């Protein structure tokens with residue numbers, strides 16, 4: 001069972017398209033940059049939204 | 001036939017810092033050596049060569065240094081080359097990395113197959129196709145890390161479940177979900193934004209409402225106090241302030257006080273408030289200066305009055321004593337000093353005499369006593385023996401008598417010799433008749449008589465004369481001694497007389513008629529003299545002191561008059577003296593008193609104070625009115641800002657919801673995937689478990705989901721009479737066996753075209769029996785699987801070598817800077 005199955009699983013079940021887009025974005029960051037990269041990205045997103 | 005790893009070449013990766021080439025067995029390849037000898041480094045090199053990553057080297061300290069490339073390698077780069085072979089083909093995989101500042105970052109894989117070299121982003125995809133495996137899943141399905149095993153054996157439920165995920169190949173999803181768990185951070189941000197909105201509302205909107213209400217109330221109050229609406233304007237207030245400024249400027253001129261200038265007035269509340277404050281300050285400064293002036297003038301009047309009065313008094317006194325002139329006092333003082341010196345000297349002399357007198361008197365008396373004793377002794381001697389002349393005569397007489405006795409003795413001695421000769425002659429001759437008278441004699445009788453009578457008589461007489469002679473000689477000697485004694489006494493007496501005369505002379509110098517008075521009388525007389533003279537001395541000193549004081553007072557008074565005169569002349573700016581000077585001082589005092597009267601009038605200042613006081617409420621009203629207008633202007637901007645903040649909150653809430661949706665679905669997937677995987681592996685897990693000699697009663701393993709978010713697995717064993725939690729019933733060796741079973745079952749499922757199982761320290765908590773069981777099981781894996789094992793356990797090595805037909809054992813010696821020493825045994 002690979003992550004691609006996981007990706008497919010989530011995208012099939014996720015109710016909103018934009019949630020799905022966010023998932024794909026975050027998961028790809030995780031695959032590419034690992035846990036630290038995703039964590040850094042999320043912090044940056046929250047900080048940007050907080051202003 | 002699937003692929004096998006046949007050769008691995010490593011250089012500069014992990015603990016390998018020199019080129020190493022290791023050939024692999026088709027069956028089991030065993031790396032045996034002590035802890036830290038480089039066994040795990042070799043296995044990690046294989047993992048890195050295939051996947052480009054090393055598990056457990058993420059985050060934390062691994063972001064601060066490169067843990068992949070060997071620190072001591074000279075080329076500063078690491079390379080791994082793997083040769084994979086099946087029956088017909090050979091694949092060469094190579095990955096190279098330069099040393100970096102962090103352990104992260106992935107280097108491309110170069111693959112050579114069928115004489116072609118593939119080196120692109122698609123190389124790994126191609127390899128996955130050939131080997132029919134997921135490279136991402138390689139680390140979980142083919143490589144049992146010692147860390148994973150340790151987590152299963154020792155960690156808490158969540159970490160244990162995490163390790164199970166790793167064994168099942170579902171760990172990445174768990175890690176992804178955990179990373180998405182930033183709810184607390186988002187909620188903190190939302191709360192912070194909400195606080196900001198609340199603060200803005202409170203500071204602007206609520207402030208404006210309060211201000212408006214306050215304005216209405218103040219206006220009503222001011223109108224009730226008698227003001228009309230025209231007076232509540234900036235123009236009217238400015239007019240009033242300008243009036244106050246004119247009044248204060250006039251007072252400055254009147255009091256001759258220079259204060260700071262007023263700022264330029266602008267028609268707004270800020271400028272009005274500034275001017276108002278300056279006015280208040282100026283008014284206070286002016287009033288303070290006015291009171292200070294009054295105080296200074298009052299002090300000056302007191303000063304002048306005191307000095308003028310003192311001048312008058314001193315002048316009067318001086319007039320009274322001016323006749324006594326200082327020269328007279330000085331002459332008198334000189335006389336008194338001389339007299340005092342004389343008296344002091346007299347006292348000193350008498351005291352000295354008083355000290356010497358007893359000494360001198362004692363010397364005199366002692367000499368006198370000695371003289372008397374000497375004289376008495378001389379008289380006594382003379383009375384007894386006569387004077388020296390008489391003694392000399394007696395000695396002369398006695399000497400003559402001694403001479404006579406000595407003559408007598410000589411005569412007797414002659415007679416004695418004659419008789420002796422006669423006796424000798426008679427005895428020789430034996431004469432019958434006397435030779436002289438021829439008378440017949442009996443010589444025998446005659447000799448006998450001569451011997452008896454004549455000799456005895458002569459001897460007796462001689463003895464008597466000798467005694468007499470001795471007596472005379474003693475007398476002569478005694479008299480000689482006495483004579484000498486008298487002469488010595490006379491000499492002593494002469495000396496004593498001379499000393500006495502000297503002592504008498506010295507004493508008579510102290511007391512001329514000392515023989516007429518006693519020592520006590522003289523002492524008493526002198527002490528009286530000292531007493532009387534001391535009284536006189538004290539009187540003289542007192543008189544002298546009085547005169548000195550008088551002179552000092554006189555000098556001081558004169559100085560004081562001169563000083564006061566000079567001071568008053570300075571104050572009055574005149575050269576007058578005496579009464580005229582006092583009169584001039586009085587005129588100045590009158591003038592100063594007039595000035596005080598002028599300063600004492602505070603009517604204008606009080607009036608201005610009242611004006612300013614009345615203006616205070618109006619100014620506050622004007623300021624609030626202006627602020628209200630400004631705040632109203634700002635309101636749209638504030639509302640806009642609040643909307644922006646609300647939009648941000650909304651976005652964060654959406655993000656929170658989105659992340660939660662993703663997390664929920666991910667956990668759902670994780671749960672389903674884990675359960676599916678466990679179901680799929682169930683038989684194989686139990687098969688492996690029973691082969692490594694599991695629990696004697698609980699033969700079957702049952703892993704289930706016990707809790708979600710995070711996903712916690714229950715790890716149970718099934719027996720004929722029910723289930724039990726493994727952690728409560730199993731030994732760590734049995735737990736170790738269970739973990740190995742899960743790994744091997746998953747690995748066999750994920751074998752693809754690379755059926756390989758890599759074990760790093762797989763028997764870390766096993767006893768001898770379990771170790772042997774594992775060795776037997778490992779031997780059965782071959783030839784279906786290629787098995788690579790790293791261990792430091794000699795028992796495991798022995799059992800593997802005993803049970804495995806195809807095994808290559810490498811011994812890794814002590815690790816040095818040169819890298820591990822790998823030897824094929």
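Looking at region B:683-694, can you tell me whether even one residue there is part of a helix (DSSP H, G or I), touching a strand residue (DSSP E or B) at 6+ places or on another chain (Cβ under 9 Å), free of Cβ contacts under 8 Å to residues at least 12 places away in the same chain and more than 14 Å from chain A (Cβ to nearest Cβ)? There is at least one residue in region B:683-694 that is part of a helix (DSSP H, G or I), touching a strand residue (DSSP E or B) at 6+ places or on another chain (Cβ under 9 Å), free of Cβ contacts under 8 Å to residues at least 12 places away in the same chain and more than 14 Å from chain A (Cβ to nearest Cβ).
Yes or no: residue B:560 at pLDDT below 90 and either closer than 30 Å to residue B:294 by Cβ or surrounded by 15 or more Cβ atoms within 10 Å (Cβ to Cβ) (or both)? Don't jump to the end; show me each part of the working.
Details: at pLDDT below 90: yes; either closer than 30 Å to residue B:294 by Cβ or surrounded by 15 or more Cβ atoms within 10 Å (Cβ to Cβ) (or both): yes.
Answer is yes for this residue.
With respect to (1) free of Cβ contacts under 8 Å to residues at least 12 places away in the same chain; (2) farther than 23 Å from residue B:786 by Cα; (3) within 14 Å of chain A (Cβ to nearest Cβ), the lone exception for residue B:128 is condition (2). Taking every residue in region B:792-808 that is in contact (Cβ under 8 Å) with a residue 24 or more places away in the chain and pairing it with any residue that is surrounded by fewer than 17 Cβ atoms within 10 Å (Cβ to Cβ) and part of a loop (DSSP other than H, G, I, E, B), at least 6 positions away or on another chain, the pairs with Cβ-Cβ distances below 7 Å are B:792/B:34; B:792/B:35; B:806/B:26. Among the residues of region B:686-709, those that are surrounded by fewer than 16 Cβ atoms within 10 Å (Cβ to Cβ) and within 13 Å of residue B:674 (Cβ to Cβ) comprise B:704, B:706, B:707, B:708. Checked against the criterion of being touching a strand residue (DSSP E or B) at 6+ places or on another chain (Cβ under 7 Å) and more than 10 Å from chain A (Cβ to nearest Cβ), the candidates B:184, B:95 yield just one match: B:95. Among the residues in region A:34-49, are any at the interface with chain B (Cβ under 8 Å from one of its Cβ atoms), modelled with pLDDT of 90 or more and within 20 Å of residue B:106 (Cβ to Cβ)? Yes, because at least one residue in region A:34-49 is at the interface with chain B (Cβ under 8 Å from one of its Cβ atoms), modelled with pLDDT of 90 or more and within 20 Å of residue B:106 (Cβ to Cβ). Using the structure shown, decide if residue B:657 is buried (at least 17 other Cβ atoms within 10 Å of the Cβ), within 14 Å of chain A (Cβ to nearest Cβ) and touching a helix residue (DSSP H, G or I) at 6+ places or on another chain (Cβ under 9 Å). So residue B:657 fails the test. Please enumerate the residues belonging to region B:54-78 that are surrounded by fewer than 21 Cβ atoms within 10 Å (Cβ to Cβ) and either outside the structural domain of residue B:95 (by TED's automatic domain parsing) or touching a strand residue (DSSP E or B) at 6+ places or on another chain (Cβ under 7 Å) (or both). Answer for region B:54-78, where residues must be surrounded by fewer than 21 Cβ atoms within 10 Å (Cβ to Cβ) and either outside the structural domain of residue B:95 (by TED's automatic domain parsing) or touching a strand residue (DSSP E or B) at 6+ places or on another chain (Cβ under 7 Å) (or both): B:76, B:77. Going by the structure shown, is residue B:146 under 60 Å from the mean Cα position of the chain (by Cα), at pLDDT 85 or above and farther than 23 Å from residue B:88 by Cβ? So residue B:146 passes the test. Only one entry in B:613, B:574 is outside any helix (DSSP H, G or I) and more than 14 Å from every other protein chain (Cβ to nearest Cβ), namely B:574. Residues being loosely packed, with under 12 Cβ neighbours inside 10 Å and either closer than 30 Å to residue B:493 by Cα or not assigned by TED's automatic domain parsing to the domain that holds residue B:493 (or both) are represented in region B:469-476 by at least one member. Determine whether region B:673-681 contains at least one residue that is at pLDDT 85 or above, at the interface with chain A (Cβ under 8 Å from one of its Cβ atoms) and surrounded by fewer than 17 Cβ atoms within 10 Å (Cβ to Cβ). The answer is yes; a qualifying residue exists.
Away from chain A (no Cβ under 14 Å) and either surrounded by 15 or more Cβ atoms within 10 Å (Cβ to Cβ) or in contact (Cβ under 8 Å) with a residue 40 or more places away in the chain (or both): does that describe residue B:645? No. For region B:599-622, the tally of residues that are touching a residue at least 12 places away in the same chain (Cβ under 8 Å) and under 17 Å from residue B:294 (Cα atoms) stands at 5.
Please pick out the residue among B:634, B:630 that is more than 18 Å from residue A:45 (Cβ to Cβ), free of Cβ contacts under 8 Å to residues at least 12 places away in the same chain and under 60 Å from the mean Cα position of the chain (by Cα). Even if it seems obvious, please write down each step before you answer.
Details: B:634 fails: free of Cβ contacts under 8 Å to residues at least 12 places away in the same chain.
Every option except B:630 fails the conditions.
The residues of region B:715-732 that are in contact with a helix residue (DSSP H, G or I) (Cβ under 9 Å, 6 or more places away or on another chain), closer than 16 Å to residue B:156 by Cα, without any contact (Cβ under 8 Å) to a residue 40 or more places away in the chain and assigned to a strand (DSSP E or B) amount to a single one, B:716. Within region B:101-157, the residues that satisfy the criterion of being under 30 Å from residue B:704 (Cα atoms), touching a strand residue (DSSP E or B) at 6+ places or on another chain (Cβ under 6 Å) and outside any loop (DSSP other than H, G, I, E, B) are B:143, B:144, B:146, B:157. Among the strands (runs of 3 or more DSSP E) confined to region B:1-53, the ones with at least 3 residues that are crowded, with 20+ Cβ neighbours inside 10 Å, modelled with pLDDT of 90 or more and in the same structural domain as residue B:823 (by TED's automatic domain parsing) are located at B:4-11, B:28-33. Criterion applied to B:191, B:170 was being in contact with a helix residue (DSSP H, G or I) (Cβ under 9 Å, 6 or more places away or on another chain) and either within 11 Å of chain A (Cβ to nearest Cβ) or surrounded by 16 or more Cβ atoms within 10 Å (Cβ to Cβ) (or both), and the one residue passing it is B:170. In region B:693-702, the condition of being modelled with pLDDT of 85 or more, outside the structural domain of residue B:30 (by TED's automatic domain parsing) and more than 60 Å from the chain's Cα centre (by Cα) is met by no residue. The residues listed here are B:802, B:776, B:797, B:771; of these, the one that is closer than 30 Å to residue B:70 by Cα, at pLDDT 85 or above and not in a loop (DSSP other than H, G, I, E, B) is B:797. With respect to the numbered conditions (1) within 12 Å of residue B:39 (Cβ to Cβ); (2) assigned to a loop (DSSP other than H, G, I, E, B), which one is the sole condition not fulfilled by residue B:763? So residue B:763 meets the others, but not (1). Within this structure, residue A:29 passes the test of being more than 7 Å from chain B (Cβ to nearest Cβ), surrounded by 13 or more Cβ atoms within 10 Å (Cβ to Cβ), in contact with a helix residue (DSSP H, G or I) (Cβ under 6 Å, 6 or more places away or on another chain) and without any contact (Cβ under 8 Å) to a residue 60 or more places away in the chain. Scanning region A:1-25 for residues that are facing chain B (nearest Cβ under 7 Å) and assigned to a helix (DSSP H, G or I) turns up A:3, A:6, A:9, A:10, A:13, A:19, A:22, A:23. With the structure loaded, tell me whether residue B:216 is farther than 30 Å from residue B:35 by Cα, surrounded by fewer than 16 Cβ atoms within 10 Å (Cβ to Cβ) and within 11 Å of chain A (Cβ to nearest Cβ) or whether it fails that test. When the stated conditions are applied, residue B:216 does not pass them.
For the residues B:662, B:712, the requirement of being within 14 Å of chain A (Cβ to nearest Cβ) and modelled with pLDDT of 85 or more singles out B:662.
The values are calculated or read from the model by the stated rules, or taken from the named source; none is laboratory data. Note that the structure is a prediction, hence the values are computed from the model and not measured. Glycine gets a Cβ as well: all are built from the backbone with ideal geometry, and neighbour counts include every protein chain shown.
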